[in-house]
Amino acid sequence: MLTRTLRSPLLRARLPPSHAVRAISTTPPRLQVQEITRPAIDTPLSLWNFTEEENMLRETVRRFAEDVIGPKVLKMDEEEKMDPEVIQGLFDNGLMGIETSADMGGSECSFTSAIIAVEELARVDPSVAVLCDVHNTLVNTVLRLYGSKEIQEKWLPDLATKKVGSFCLSEPASGSDAFALQTTAKLDKSGDFYTLNGSKMWISNSAEADTFLVFANVDPSKGYKGITCFVMSKDMGVEIAKKEKKLGIKASSTCLLNFDDVKIPKENIVGEIGKGYKIAIEILNEGRIGIAAQMIGLAQGAFDKSLTYAYQRKQFGKPVGEFQGMGFQFADVATEIEAARLLTYNAARLKEEGRPFTKEAAMAKYFASVIAQKAAGNAIEWTGGQGFTREVGLEKYWRDSKIGAIYEGTSNIQLETIAKFLRKQYQT
Ligand SMILES: Cc1cc2nc3c(=O)[nH]c(=O)nc-3n(C[C@H](O)[C@H](O)[C@H](O)COP(=O)(O)OP(=O)(O)OC[C@H]3O[C@@H](n4cnc5c(N)ncnc54)[C@H](O)[C@@H]3O)c2cc1C
């Protein structure tokens with residue numbers, strides 16, 4: 001594995017070191033990769049262990065995020081629009097097909113690589129991170145795991161190289177209760193097409209997307225067992241009815257979509273008819289690890305920025321970061337970020353090992369979203385009046401942090417999942 005040829009253009013690229021100049025530097029300490037010594041007896045490795053490929057990916061995504069995305073963050077947030085150059089950069093660097101096989105144009109990296117990429121992007125801009133996360137961990141993964149060979153060959157290469165994807169499950173009347181969805185797909189008399197009618201709400205990436213995974217019910221009389229997953233392109237009739245204005249992650253588009261008598265060939269069904277609910281459950285279980293990664297990246301980004309400032313800003317004749325009252329708060333948040341990170345990496349490795357990970361993914365997402373809000377909120381206070389101003393970018397981390405407790409299952413839904421496992425374990 002360590003000597004594997006690096007397929008991804010991302011991993012081959014060597015970008016110049018960061019040269020961005022900001023009011024408060026975001027440049028985190030350099031990554032250190034140390035040689036590992038093992039004890040004589042066989043023991044498992046710690047969670048801070050990555051393949052050479054994963055380490056290189058982290059370093060390269062960090063440079064891409066710092067050098068290319070960093071200077072655009074404020075403008076994208078103000079304009080509530082993703083810069084097309086950022087999306088192109090994600091494609092050019094192999095970040096839009098991280099787990100997709102090389103013969104389909106992807107980077108053929110591990111799931112943990114996707115998690116690392118989302119974490120590093122979120123450190124600089126959580127909006128870019130969610131675009132990459134939804135595209136990879138939801139859209140690409142559904143097609144990779146459930147799509148027929150024909151579907152994979154038709155859709156995955158474009159998704160890895162030039163077309164953005166959206167995952168359309170939620171509707172105006174079905175959020176947490178996703179399987180109460182009302183969009184229908186009715187088989188026409190010829191048996192060749194389904195006719196799609198309904199609306200999807202809060203759909204990430206949809207303003208930029210060309211490829212849409214849409215969940216619709218082919219037989220409402222069967223309840224959730226009629227839910228089926230379809231893949232379609234925008235020109236088949238996806239109507240963007242409204243782009244939402246939001247509190248945070250403003251550069252990430254979130255739209256209301258309408259489907260009005262849209263014809264979809266039956267070949268576009270992903271997986272089995274009536275098994276869409278299973279696809280949605282399974283994919284969101286692993287997608288939650290991606291949101292946890294977004295939240296730990298966000299927390300670290302806010303932490304890095306505010307501490308750099310706190311050790312420069314002098315009051316009472318010394319840097320404010322040197323006061324014990326500040327240092328203890330830094331230590332508290334650093335510990336919690338590390339705990340959230342370990343939960344996230346552990347859930348990712350469990351998934352890779354093919355072991356159960358649903359409870360651990362829910363814990364990671366729940367805890368990481370709590371910590372992201374705490375770290376970003378404290379970072380504003382640690383930087384005083386500077387932190388409260390827009391230009392510095394810390395208030396943006398705080399606004400962005402709220403979404404972690406909402407999408408891909410609210411915090412209550414994560415707690416419900418964890419509690420369900422506890423009931424199973426302890427109830428006799
Ligand atoms: C910015 C953004 C991007 C999004 N992107 C996508 C996307 O790309 N694709 C997609 O399909 N969806 C997307 N969503 C939708 C998102 O997944 C839902 O908003 C989320 O699942 C919550 O649903 P809801 O908003 O309807 O809240 P509701 O389900 O109405 O919940 C309201 C409150 O009730 C609580 N609640 C609900 N049920 C229970 C329960 N059983 N027990 C305890 N408490 C409960 C919730 O925790 C919450 O506090 C996005 C949403 C946002 C805001």
| field | Residues of region 283-307 classified as over 23 Å from residue 352 (Cβ atoms) and charged (D, E, K, R), total | value | 2
| said: Exactly one of these conditions fails for residue 364: (1) assigned to a helix (DSSP H, G or I); (2) within 16 Å of residue 294 (Cβ to Cβ); (3) within 16 Å of the ligand (Cβ to nearest atom). Give me its number. | reply: (3)
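Please tell me if residue 53 is modelled with pLDDT of 75 or more and in contact with a Lys or Arg (Cβ under 7 Å, 6 or more places away or on another chain). I'd like the intermediate steps shown before the answer.
On the way: modelled with pLDDT of 75 or more: yes; in contact with a Lys or Arg (Cβ under 7 Å, 6 or more places away or on another chain): yes.
Yes, satisfied.
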| If you take the residues in region 160-173 that are buried (at least 17 other Cβ atoms within 10 Å of the Cβ) and within 9 Å of the ligand (Cβ to nearest atom), which one is farthest from residue 103 (Cα to Cα)? | 171
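Report yes if some residue within region 188-208 is touching a helix residue (DSSP H, G or I) at 6+ places or on another chain (Cβ under 8 Å) and among the aliphatic types (A, V, I, L, M); otherwise report no. Steps first, please.
Of region 188-208, the ones touching a helix residue (DSSP H, G or I) at 6+ places or on another chain (Cβ under 8 Å) are 191-194, 204-205, 208.
Cutting the leftovers down to among the aliphatic types (A, V, I, L, M) gives us none.
For region 188-208, residues touching a helix residue (DSSP H, G or I) at 6+ places or on another chain (Cβ under 8 Å) and among the aliphatic types (A, V, I, L, M): absent.
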| message | Of the conditions (1) away from the ligand (no atom under 11 Å from the Cβ); (2) in contact (Cβ under 8 Å) with a residue 24 or more places away in the chain; (3) surrounded by fewer than 17 Cβ atoms within 10 Å (Cβ to Cβ); (4) small (Gly, Ala, Ser), residue 176 satisfies every one except a single condition; which number is it? | response | (1)
| message | If I filter region 215-224 for residues that are within 15 Å of the ligand (Cβ to nearest atom), in a loop (DSSP other than H, G, I, E, B) and either in contact with a Lys or Arg (Cβ under 6 Å, 6 or more places away or on another chain) or more than 13 Å from residue 258 (Cβ to Cβ) (or both), do I get at least one hit? | response | no
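Let me confirm something: among 349, 423, 355, 399, which residue is assigned to a helix (DSSP H, G or I), more than 16 Å from the ligand (Cβ to nearest atom), at pLDDT 95 or above and not hydrophobic (A, V, I, L, M, F, W, C)? Give the steps one after another, and end with the answer.
Details: 423 fails: more than 16 Å from the ligand (Cβ to nearest atom); 355 fails: assigned to a helix (DSSP H, G or I); 399 fails: more than 16 Å from the ligand (Cβ to nearest atom).
When all the criteria are applied, what remains is 349.
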| task | Would you mention how many residues in region 239-267 are touching a residue at least 60 places away in the same chain (Cβ under 8 Å) and surrounded by 20 or more Cβ atoms within 10 Å (Cβ to Cβ)? | result | 10
| query | Which of the following residues is in contact (Cβ under 8 Å) with a residue 12 or more places away in the chain, within 16 Å of the ligand (Cβ to nearest atom) and hydrophobic (A, V, I, L, M, F, W, C): 370, 392? | reply | 370
| Within region 62-74, is even one residue among the charged types (D, E, K, R) and touching a residue at least 60 places away in the same chain (Cβ under 8 Å)? | yes
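Per-residue answers, yes or no, for (1) within 16 Å of the ligand (Cβ to nearest atom); (2) assigned to a helix (DSSP H, G or I); (3) under 25 Å from residue 248 (Cα atoms); (4) among the aliphatic types (A, V, I, L, M):
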| position | (1), (2), (3), (4) |
| --- | --- |
| 122 | yes, yes, yes, yes |
| 127 | yes, yes, yes, no |
| 133 | yes, yes, yes, no |
| 142 | yes, yes, no, yes |
| 157 | no, yes, no, no |
| 182 | yes, no, no, no |
| 186 | no, no, no, no |
| 199 | yes, no, yes, no |
| said: Among the numbered criteria (1) over 19 Å from residue 398 (Cβ atoms); (2) in contact with a Lys or Arg (Cβ under 9 Å, 6 or more places away or on another chain), which one does residue 323 miss? | reply: (2)
| request: Report yes if some residue within region 373-384 is without any contact (Cβ under 8 Å) to a residue 60 or more places away in the chain, within 15 Å of residue 288 (Cα to Cα) and within 16 Å of the ligand (Cβ to nearest atom); otherwise report no. | output: no
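Mind listing just one residue for me: the one in region 409-418 that is of a type in the set (A, V, I, L, M) and either under 23 Å from residue 202 (Cα atoms) or surrounded by fewer than 13 Cβ atoms within 10 Å (Cβ to Cβ) (or both) and, of those, farthest from the chain's Cα centre (by Cα)?
So, considering only residues that are of a type in the set (A, V, I, L, M) and either under 23 Å from residue 202 (Cα atoms) or surrounded by fewer than 13 Cβ atoms within 10 Å (Cβ to Cβ) (or both), the one farthest from the chain's Cα centre (by Cα) is 415.
From the list 90, 95, 57, 45, which residue is more than 24 Å from residue 398 (Cα to Cα), aliphatic (A, V, I, L, M), buried (at least 23 other Cβ atoms within 10 Å of the Cβ) and without any contact (Cβ under 8 Å) to a residue 60 or more places away in the chain? Show your work before the answer.
Values: 95 fails: without any contact (Cβ under 8 Å) to a residue 60 or more places away in the chain; 57 fails: without any contact (Cβ under 8 Å) to a residue 60 or more places away in the chain; 45 fails: buried (at least 23 other Cβ atoms within 10 Å of the Cβ).
The conditions single out 90.
The values are calculated or read from the model by the stated rules, or taken from the named source; none is laboratory data. Bear in mind the structure is a predicted one, so any value in this text is a computation, not a measurement. No Cβ is skipped: glycine too gets one built from the backbone with ideal geometry, and neighbour counts run over all protein chains shown.
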